[in-house]
Amino acid sequence: MSTTTKQPQEAGSNSAPKRKLRTKRRHTVAGWLFMMPFTLVFLTFLVAPLFYAAYLSTFRSALVGDTKFVLFDNYVKALTDPQFLDGVSFVLRFAVILIPLQMGVSLIVALLLDQLTTKFAKAARLMIFLPYAIPLVIGAIMWGFLYSKNFGPMGEIFGLIGAIPPDLLSRELIFFGLLNLVTWQWAGYYMIIIFAALQGIDSTLYEAARIDGANNLQIALKIKIPLVTPALVLILIFALIGTLQFFNEPQILKPLAAGAIDASFTPNMYAYQQAFLLGDFNYGSTISFVLGAVVFVFVYIFIFATRRRGGFML
Amino acid sequence: MTRTNAIENKRGPRRPKQVFTHVFLGAMVVYFLIPFWWIVVASSKDAQALFGGGSALWFSENPDYFGNLVALFTFDNGIYLRWLTNSTIYALSGGVGATILAVLAGYGFAKFAFWGRRFSFSLLLGAVMVPQTALVIPTFILLSNMGLTNTMWAVILPSLLNPFGVYLMYVYAKDAIPDELLDAARVDGAGEFRTFIQVALPILRPAVVTVLLVSIVATWNNYFLPLAMLSDPRLYPVTVGIGVWQGLASSNNGGGSIWSIIIIGALVSVIPLAISFLALQRYWQGGLTIGSIK
Amino acid sequence: MIEADRIPNYQIQGALADISDYVDASIRSNFSDGAWNDVSVGAGIYGAPIDGGPMGMIYRTDVFETYDITPPTTWAEYETAAETVKAAGGPLFGNFATDAQAAIMALQIQNGATPFSYDPTNPGDIGISLNDTASKGVLEYWARLSEKGLVGTTNQFTPEYIAGMINGDYATEISAAWAPGYLSGAGVGAGDGEGKWAAAPIPQWDANNPVAINWGGSAFSVTAQSSQPELAAKVALGLYADDASLTHGWENQIIFPLNQQVLGSSEFNDYEVPFFGGQQANKEVFVPAANAYKGFTYSPFAQFYYEALGEAVATIHAGEATASEAADTMQSRVAAYATEQGFTVK
């Protein structure tokens, strides 16, 4: 029978609207049933906490005295809090440098790996992806040791040319210390995403381009990169979210880099300090909320700016 | 496909560039592998050798992997093994659970034009953007009110939430499963769920495996969530455990001798995932295509 | 079991039970006045003392020999000795870290400062004095020493510092009685470095008015939620009277027990500490320091205070502020926090 597949498009038929309604109802019931387990978890662990955080953020607690309802005062306090603002400024500056760097590295490596098919290339792909398997915690510990002047390799390598190794855990250079750590951790993951996208490109396009006399570089620039733009946009969004939420690496490195990394180094760290170290859940929730709002705003800006080239179907 | 390119590259004036490419890639590989090499080397050393000079990138004079391993697994009544077990439990249950939820929901989004779908979808996309760490504090309080903090559930339940997994499944299901196939099954009298299991699921397998791998990795590597939720060291996953040891070693507790077990503990914790990656290359290399090309 | 300097923070949140009722004269005599002061907030006692950290100075005997130094007894002598060693091309004399906040506070109190005054009978009032002359004096002293290159600026509880200690980069460490355990466990004082360390009393600001100071310490506290506070208190006060674990602890120099029965024993006093090459460090340095120690008044927000102090030192190291400015900044930060938390700052 042809009614089931074609009927939504049929116009003018007497029973089409009725059948459409029945289909829609059946779809709704079935659809919601499939959605239900996820929706339950979603409501419990995303929506409810968000509302609760909003609720908490309207109160203020103190060591002396009771908890008071203050509506938006905490938000005013957060938005004028120099520690919070410094943290936001840091993650923004960090993102501006980190994201192009990461994307550049992963893009170039992916392009190169797409071009070669040697066994070496295949192995390289795997090895560059491997850091993704490492928990950030471990990666931070590893690099914490590697950065050490005294017993990391830096001392030896720089000693070879008689220079003093830079202290990437110092106040001045911690920016670069973290830059390196995060790039190392994530470039492989982004690289694989781009690589997979590159592999999906129809190679006849390349042949056509070669006939026109294009060399590899031109092919890369004019064909490959434009065609993987959706993947690049995806990575950009991931990287942006992750960087604005920066927490794990600086938190782990903090004992090794005391003096360079303080408790409010990133907004997320500040929220953690307030809530779990100083016991102020109200202000901690406020900070989390404002941070969430900041991320939301920036990500939406990006999605909007790349809506034609991205794939986010908004 | 790309093989044609490679063959063409091997001829003629492309040669020098080929060398350069290989060298560059080689340098990249070295860069990405140095920390692994370091940790393998460092695990052979005891505290004295670690801090007392000698090359950082070469083994100790008396490599003592066995001794360090023994120390690792006997420290504090063998709590490290407990941590490894915990990580496995969390990763598997959280990962599998999240995948099941994501597959069901993604399929639902893709194949059923239910009432409220558009709105739900934009909610979902919004959720992808919500920083997970922003949720930890209120989730902690919520779970604390339910009496669930400091239990395994406090880690597993929130890990079931993987909006990006839903998105991946949605994209894949939408394109890979023809509506006609489903309708044919329905016409044959199959219920929705049976249709899903017997018709859709086999087609969805590559995506399912990808989501599974990503979810397992994410849960295994999770640090902030268990850090906030758990205070009983016997429930820690390996990430939090090692982090705590590192904090201990940095402060004046612990007698100072635990740096060597921190290092070998880090090495051991990395091995399961690394091996899984190597063994399951086929799946994740194919699967990550979805969601990135339209 | 909690750190003594965190007791006020828990006390003000009502988390701890006052066990002073269960401390009779004989129990009282088990610990020095200083030890009891550290676990008290005002007149209430909120923990049973276990271990402490009487401070002293540990130094490299070989370095002192090479450069012909006798252990300095005042900070002025310390500075002079440091200059002598530097001029002769020797190692750094000591270290000024950002993560040894409790030690810095102790040094300031040694100089006559009273960073915090707090009486729980007026729980809303607190005295905060972090930028008076005495406090600034200490910061300025160490800032000057680090500026002159006489001491290092490495963070103390890092592998970095340990490596430095093993390599003999530091001639002294301003330390506490538990430090040898920490250091030797990390490999200091073994191999080449064996037997090269010795302990001496901590230098004084005023030779005529020696002040004993303390770094760290723990106590067993009874939670306010305990349904049987008397029993719990008994347990807390009696714990660690287990000889075996106690002995193991102090023989490995990991903890310095405060129980007078141990401190008075000949076993403990005559113990020839291996880390110090057999020196009877307890008798010579740490027991006298512990007994002379009067106790500190800690703040009810140690976490915040230590963060602020660490940040202050960091700004000094980075040249972003002078010691005086850093102290002023810290004072206003901590006072602001206290006010925000509902205190009235006096």
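The values are calculated or read from the model by the stated rules, or taken from the named source; none is laboratory data. None of the values given here were measured: they were computed from a predicted structure. Note that each Cβ is placed from the backbone with ideal geometry, even for glycine, and that neighbours are counted across all protein chains shown.
Does residue A:241 satisfy the criteria of being in contact with a helix residue (DSSP H, G or I) (Cβ under 7 Å, 6 or more places away or on another chain), within 11 Å of chain B (Cβ to nearest Cβ) and not in a helix (DSSP H, G or I)?
no
It is to be established whether one or more residues within the range C:94-108 are in a helix (DSSP H, G or I) and more than 19 Å from the chain's Cα centre (by Cα).
no
Out of contact with any Cys (no Cβ under 7 Å at 6 or more places or on another chain), within 14 Å of chain C (Cβ to nearest Cβ) and of a type outside the set (D, E, K, R): which single residue out of A:157, A:174 fits that description?
Selected residue: A:174, the only one of A:157, A:174 that is out of contact with any Cys (no Cβ under 7 Å at 6 or more places or on another chain), within 14 Å of chain C (Cβ to nearest Cβ) and of a type outside the set (D, E, K, R).
Which one is farthest from the other protein chains (Cβ to nearest Cβ), of the residues in the range A:265-278 that are over 25 Å from residue B:127 (Cα atoms) and touching a residue at least 12 places away in the same chain (Cβ under 8 Å)?
Top of the filtered list is A:265.
Being away from chain B (no Cβ under 14 Å), at negative phi and in a loop (DSSP other than H, G, I, E, B), is that true of even one residue in the range C:173-194?
No, because not a single residue in the range C:173-194 is away from chain B (no Cβ under 14 Å), at negative phi and in a loop (DSSP other than H, G, I, E, B).
Within the range B:59-77, how many residues turn out to be in contact (Cβ under 8 Å) with a residue 12 or more places away in the chain, closer than 15 Å to residue B:268 by Cα and exposed (fewer than 13 other Cβ atoms within 10 Å of the Cβ)?
Residues in the range B:59-77 being in contact (Cβ under 8 Å) with a residue 12 or more places away in the chain, closer than 15 Å to residue B:268 by Cα and exposed (fewer than 13 other Cβ atoms within 10 Å of the Cβ): 0 in total.
Look at residue A:91 and say whether it is buried (at least 17 other Cβ atoms within 10 Å of the Cβ) and more than 16 Å from residue A:284 (Cα to Cα).
yes
Can you tell which of C:254, C:166 is at pLDDT below 85, β-branched (Val, Ile, Thr), buried (at least 16 other Cβ atoms within 10 Å of the Cβ) and under 18 Å from residue C:49 (Cβ atoms)?
C:254
Checking residue A:167 against (1) crowded, with 22+ Cβ neighbours inside 10 Å; (2) outside any helix (DSSP H, G or I), which test does it fail?
(1)
I want to confirm something. Restricting to the range B:25-35 and keeping residues that are within 7 Å of chain A (Cβ to nearest Cβ) and not aliphatic (A, V, I, L, M), which single residue is nearest to residue A:188 (Cα to Cα)?
B:32
Listed here are the residues, each with its yes/no results for (1) at pLDDT 85 or above; (2) closer than 28 Å to residue B:41 by Cα; (3) more than 14 Å from chain C (Cβ to nearest Cβ).
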{"residue": "B:208", "(1), (2), (3)": "yes, no, yes"}
{"residue": "B:221", "(1), (2), (3)": "yes, yes, yes"}
{"residue": "B:232", "(1), (2), (3)": "yes, no, yes"}
{"residue": "B:237", "(1), (2), (3)": "yes, yes, yes"}
{"residue": "B:241", "(1), (2), (3)": "yes, yes, yes"}
{"residue": "B:250", "(1), (2), (3)": "no, yes, no"}
{"residue": "B:255", "(1), (2), (3)": "no, yes, no"}
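Select, from B:144, B:93, the only residue that is in contact (Cβ under 8 Å) with a residue 40 or more places away in the chain, out of contact with any Gly (no Cβ under 8 Å at 6 or more places or on another chain) and closer than 20 Å to residue B:229 by Cβ.
Of B:144, B:93, the one residue that is in contact (Cβ under 8 Å) with a residue 40 or more places away in the chain, out of contact with any Gly (no Cβ under 8 Å at 6 or more places or on another chain) and closer than 20 Å to residue B:229 by Cβ is B:93.
Restricting attention to the range C:288-339, report how many residues are hydrophobic (A, V, I, L, M, F, W, C) and without any contact (Cβ under 8 Å) to a residue 60 or more places away in the chain.
Going through the range C:288-339 one residue at a time, the tally reaches 5.
Each row is one residue, and each column tells you yes or no for (1) surrounded by 24 or more Cβ atoms within 10 Å (Cβ to Cβ); (2) more than 30 Å from residue B:120 (Cβ to Cβ); (3) over 15 Å from the mean Cα position of the chain (by Cα).
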| position | (1), (2), (3) |
| --- | --- |
| A:223 | no, yes, yes |
| A:229 | no, no, yes |
| A:249 | no, yes, no |
| A:257 | yes, yes, yes |
| A:267 | yes, no, yes |
| A:276 | no, yes, yes |
| A:294 | no, no, no |
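Of the residues A:149, A:77, A:122, only one is of a type in the set (Lys, Arg) and assigned to a loop (DSSP other than H, G, I, E, B); which?
A:149
So which helices (runs of 4 or more DSSP H) are wholly in the range B:67-168 and hold at least 2 residues that are farther than 30 Å from residue A:294 by Cβ and facing another protein chain (nearest Cβ under 9 Å)?
Fully inside the range B:67-168 and qualifying: B:79-111.
Within the bounds of the range B:17-36, is there any residue that is modelled with pLDDT under 80 and at negative phi?
Among the residues of the range B:17-36, at least one is modelled with pLDDT under 80 and at negative phi, which makes the answer yes.
When you scan the range B:105-122, do you find a residue that is within 30 Å of residue B:236 (Cα to Cα), surrounded by fewer than 20 Cβ atoms within 10 Å (Cβ to Cβ) and of a type outside the set (Gly, Ala, Ser), even just one?
no
Give the residues of the range A:98-119 that are in contact with a Ser or Thr (Cβ under 8 Å, 6 or more places away or on another chain) and either at pLDDT below 80 or part of a loop (DSSP other than H, G, I, E, B) (or both), sorted by residue number.
The answer is A:116, A:117.
Only one of these is assigned to a helix (DSSP H, G or I), modelled with pLDDT under 85, among the charged types (D, E, K, R) and under 30 Å from residue B:123 (Cα atoms): A:24, A:6. Name it.
A:24
State which residue is nearest to residue A:141 (Cα to Cα) when the search covers only the range C:142-172 and only residues that are of a type in the set (A, V, I, L, M, F, W, C) and more than 12 Å from chain A (Cβ to nearest Cβ).
Here the residue is C:151.
Restricting attention to the range C:109-136, which residues are within 30 Å of residue A:169 (Cβ to Cβ), assigned to a helix (DSSP H, G or I) and either over 18 Å from the mean Cα position of the chain (by Cα) or charged (D, E, K, R) (or both)?
C:136
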